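Before any comments, here is the structure.
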Amino acid sequence: MAQARDDAPTPGWLGVVPGAALLLLFLIPFGIMLAVSVAGREPGGFYQWGFDLAGYRRVMSAFVGGILLTSVAIAAGAALIAVALALPFTVLLAGLSRRAQTAILVALLSVLSLSEVIVGFSVSTLLSRTAGVGNLLAWLGLTAEPQSYTPSLFALMTGLTYLSFPYAVLVLYPPVARLDPELGQASRTMGASPLRTFAGVTVPLLRAPILGALILVFVFALGSYLLPQVLGRPEHWTLSVHITDQAIYQSNLPLAAAMAAVLLLATLALVGLALLVARDKGAPA
Amino acid sequence: MTARLGRLYVAVILLLLALPLLVVAGISLNGGQTLRFPPQDPSLRWYAELFRAADWTGPLRNSLVIATVAALIAVAVALPLALHVWGRGGWLSRALYTLGVAPFMLPPVITALGFLVFWVALGMYGRMGATILSHGIFLVTLPLVTISLGLRAIDPALLEAARTMGATRGQVLRTVVLPLALPYVVSGYAFAFVLSLNEYIIAYMVAGFTVETLPIKIFNSLRYGYTPIMGVVAVLFVALAAAVYGAIGVFGNLPRLLGADRVGDR
Amino acid sequence: MQANMTSNDLSLHGVTKRFGATAAVDDVTLQIPGGRFICLLGPSGCGKTTLLRLLAGLEAPTAGRILVGGADQTHVPTHRRDFGMVFQSLALFPHLSVGENVAYPLRIRGATRAQRRARAEELLDLVRLPGLTDRRIHQLSGGQRQRVAIARGLAIDPKLFLLDEPLSALDANLREHMQIELRQIQSRLGVTTLVVTHDQKEALTMADIVIVMDRGRVQQMGAPMEVYRDPANAFVAGFIGTSNLLPARLLDAATLEVSGHRLALDPADRVKAPPGPVTLSVRPEDVRLDPEGLPARVTFVRDLGESVQIVLDHQGHEIIALFSPRERPQVNLGDAVGLAFAPGGRVVLP
């Protein structure tokens, strides 16, 4: 060939700008964070460079172990509830007209993009003594006088479920919407009730996406940092809250960075697992 | 019968999702400094207050400036990246794409801490520029995903047709690819804008004590007691998000944007 | 029109395109005079679309040279070839109006808005879509879109007008109509036109020259009736129109043996093979019923109104005979009949 041809629709240098931006503003911060996780602590300031595994030693302690266990239990619970509620919702949603789907998706996206601060504030208001449920129960005569349901584990789980539910629906939506509706219809023509069709056809077909969604929603819930502070008691504080606490209030950046590194590893492993699950069984045979 | 049960389920869930927001909307109408529901001597007083009280207008302006510019940065990084991945492929662009999606997949605390140490190292800790750049990178994922979706929907024959009609690569990009991707660029900007407005932890860690945004202001105020003005912010945020996503839903194909292939174009 | 004929001769020298180990286009050499309407015909996967894309510069040949009007185009990038092309999917720009689509090549070449509009209107008149300049693409019917794509391909008076299965998306009636119209437009403009199609009727309707391809190679090139009457080999005979193919043995230049029966060949018959095992090709309209002929059995009778098709079985070979309704022989399913071939309708192929 006389000359090398470059038939790609975009010039090669186009990737340089975003590549440099992500490298500079995302990878390097992560690198610095990992470096800080082994840096020395400087009382009153941020940190001083060095090599000190004190942060990681504390991460391995029973204290952080307990926090990790709490975080996992709370996030797993929220993920289970959210996905269990979201699955039938998503299947029903995908069966609606495009107009109805769009309207409901707008509502879900609006809730999903709400700041955790606002969700926390809203749920705590709803569960408070003077507005919402407390009032309602008293008015119905179920409780002698209005009482507050927050902060409590119940309030925290309510908030986390509220936060995770739209996310779970949106994660489940693509596989559910792509499901061949004729499979369900075939089951119906063979005499199965809608509920049996759901349990016997839809759910088994979606096993891999459901598992993937569980993991992704779990990671999402694990990242919650404000709800445990607003709706829960200190014993419900998750790793995310403690990282913020160490970084900002205890001024122990090395420990915060070490905890973040552990959380990062756990998350990467889980996301990788979710992708693996989705790829292995994602395509229906 | 079962179909009706299904609709009931959807309706109940939607009602539950709306409930806290309805209550918050209710308390935002309280005339006094109380958080009662139903509101007592209802008035729109706190709505005016948000735009008047100095301690709220500052955060309001900060939030708007940060979201406007950060979403622009996110699009400026995402657009060439999406074009590169779409046009060239290969392991390098796949790696870049993963890098672009990563900030959003990780627990935000990790990203926030990364930014915190980065800006401390650079001496920009506490500046609004740090918040804007951090948000810009954090939110790259959204325009990246929407624009990639739009580019994948372009029929490759259109590009070849433009080439046969004499267009150079640059002209093809300018006259065919970019106009066709524009709606997805706008959606991506809108998503990033709304999320930046609502973002708390990164803004807080990077410059929380000096550059107060509305979410930070609300959280700080939570400690000193609730006022109806928080309800006002919540209502405005929900309304803004609904308006933005509603516009995307009306002018675009929201179900397809969110990954449903089967829902047709019109 | 005369001017175009000499300046836009198309010649290909040993053009080859390999994808990995397979050659999609295999050593194609062609000389095509300018100003003609050429149909590139073949089954799917025969390499005809690849050949068209090589001409357009959308693929680079592995070997060989492509010349238009004597100028080497082999390594000229697509956008500098000044060709027009109509894609199978039409590839109309959904974000541009009809007029903007048609004038796109002029916009790229820096024409003013007024020039573009004037030219677009002129071209839309040519394809009989006057007054649609400001419509959106999605407001048009399939046939209208087709015409817009043709107008756009002709916008710059291309040296070569390439069309890839341009009519395949249209329904049968409209397709026949467009074939005639496309041919008329080409005659008027005299532009060298190359259409890829798998539809032999379409090729016979439109073309000055038919090029039949199979497995990456040119099997035959010639005028439509020449290719129909005088196929170069069994593939062409079977692909263009319907042909009955029978194994036979050529004894000498004038004698053929078919399943034990000797047939004397006529000087008008075409013998394209040396003595030995050969294939006898006969068109359905050249099949006769003759009690003296080869033994056969009627397996199906198809009354098509304008014609009658009789399907026969001769020793396990299916033979199709075609008659006009007036000449319809009185036969029934299962009848034993004799089979003969009209002199001059027999082609002996290797």
Quiz item: Do we have any residue at all in the stretch A:34-46 that's closer than 30 Å to B:V172 by Cα and crowded, with 17+ Cβ neighbours inside 10 Å?
Solution: no
Quiz item: Within the stretch A:197-214, which residues are open to solvent by 50 Å² or more (accessible area, probe 1.4 Å), among the small types (G, A, S) and in contact (Cβ under 8 Å) with a residue 40 or more places away in the chain?
Solution: none
Quiz prompt | Test for B:V177: is it farther than 30 Å from C:D164 by Cβ, open to solvent by less than 40 Å² (accessible area, probe 1.4 Å) and in contact (Cβ under 8 Å) with a residue 60 or more places away in the chain | solution = no
Quiz item: Do the conditions hold for C:G216, that is, is it open to solvent by less than 10 Å² (accessible area, probe 1.4 Å), at positive phi and out of contact with any strand residue (DSSP E or B) (no Cβ under 8 Å at 6 or more places or on another chain)?
Solution: no
Self-check item: Positions within the stretch B:40-59 being open to solvent by less than 30 Å² (accessible area, probe 1.4 Å) and out of contact with any Gly (no Cβ under 8 Å at 6 or more places or on another chain), in sequence order
Solution: B:L50, B:A53, B:W56, B:G58, B:P59
Quiz item: (1) closer than 30 Å to C:G47 by Cβ; (2) surrounded by fewer than 19 Cβ atoms within 10 Å (Cβ to Cβ): which one isn't true of C:P166, the others all being true?
Solution: (2)
Quiz item: Which of the residues that make up the stretch B:139-161 are more than 7 Å from every other protein chain (Cβ to nearest Cβ) and farther than 21 Å from B:A102 by Cα?
Solution: B:A153, B:I154, B:P156
Practice problem: Mind counting the residues in the stretch B:13-29 that are closer than 21 Å to A:F89 by Cα and facing chain A (nearest Cβ under 7 Å)? | Solution: 6
Exercise. Quickly run through the stretch C:222-256 and pick out the residues that are in contact (Cβ under 8 Å) with a residue 40 or more places away in the chain, in a loop (DSSP other than H, G, I, E, B) and either open to solvent by 60 Å² or more (accessible area, probe 1.4 Å) or not hydroxyl-bearing (S, T, Y) (or both).
Key: C:D230, C:P231, C:A232, C:N233, C:I240, C:G241, C:T242
Quiz item: B:R223 fails exactly one of the following numbered conditions: (1) in contact (Cβ under 8 Å) with a residue 40 or more places away in the chain; (2) more than 30 Å from C:T49 (Cα to Cα); (3) more than 9 Å from every other protein chain (Cβ to nearest Cβ); (4) assigned to a helix (DSSP H, G or I). What is the number of that condition?
Solution: (1)
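To keep it simple, each residue is scored yes or no on (1) surrounded by fewer than 17 Cβ atoms within 10 Å (Cβ to Cβ); (2) in contact with a Leu (Cβ under 7 Å, 6 or more places away or on another chain); (3) at pLDDT 90 or above; (4) not in a strand (DSSP E or B).
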{"residue": "C:E292", "(1), (2), (3), (4)": "yes, no, no, no"}
{"residue": "C:R297", "(1), (2), (3), (4)": "yes, yes, yes, no"}
{"residue": "C:Q309", "(1), (2), (3), (4)": "yes, yes, yes, no"}
{"residue": "C:L322", "(1), (2), (3), (4)": "no, no, yes, no"}
{"residue": "C:R326", "(1), (2), (3), (4)": "yes, no, no, yes"}
{"residue": "C:G334", "(1), (2), (3), (4)": "yes, no, no, yes"}
{"residue": "C:L339", "(1), (2), (3), (4)": "no, yes, yes, no"}
{"residue": "C:G344", "(1), (2), (3), (4)": "yes, no, no, yes"}
Quiz prompt | Check on A:L85, more than 17 Å from B:P255 (Cα to Cα), at the interface with chain B (Cβ under 9 Å from one of its Cβ atoms) and at pLDDT 85 or above | solution = yes
Quiz item: Somewhere in the stretch A:238-256, is a residue in a helix (DSSP H, G or I) and more than 12 Å from every other protein chain (Cβ to nearest Cβ)?
Solution: no
Practice problem: Return yes or no: is B:R94 within 8 Å of another protein chain (Cβ to nearest Cβ) and either among the hydroxyl-bearing types (S, T, Y) or more than 29 Å from A:S115 (Cβ to Cβ) (or both)? | Solution: no
Quiz item: Do we find that B:G32 is over 26 Å from the mean Cα position of the chain (by Cα) and at the interface with chain A (Cβ under 10 Å from one of its Cβ atoms) in this structure?
Solution: no
Quiz prompt | Exclusive hit being in a helix (DSSP H, G or I), free of Cβ contacts under 8 Å to residues at least 12 places away in the same chain, at the interface with chain A (Cβ under 7 Å from one of its Cβ atoms) and within 20 Å of the chain's Cα centre (by Cα), set B:G259, B:G246 | solution = B:G246
Self-check item: Enumeration of residues in the stretch C:173-203 that are of a type outside the set (S, T, N, Q) and part of a strand (DSSP E or B)
Solution: C:L194, C:V195, C:V196
Quiz item: Since B:F193 meets every condition but one in (1) within 17 Å of B:L79 (Cβ to Cβ); (2) away from chain A (no Cβ under 11 Å), which condition does it not meet?
Solution: (2)
Quiz item: Does B:F104 qualify as being open to solvent by 30 Å² or more (accessible area, probe 1.4 Å), at pLDDT below 85 and in a helix (DSSP H, G or I)?
Solution: yes
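The values are calculated or read from the model by the stated rules, or taken from the named source; none is laboratory data. Here the structure is a predicted model, which means the values were calculated and not measured. Neighbour counts run over all protein chains shown; Cβ positions are idealised from the backbone, glycine included. The accessibility values were calculated without ligands, DNA or RNA, using every heavy atom of the protein model including side chains. Shrake-Rupley method; radii C 1.70, N 1.55, O 1.52, S 1.80 Å.
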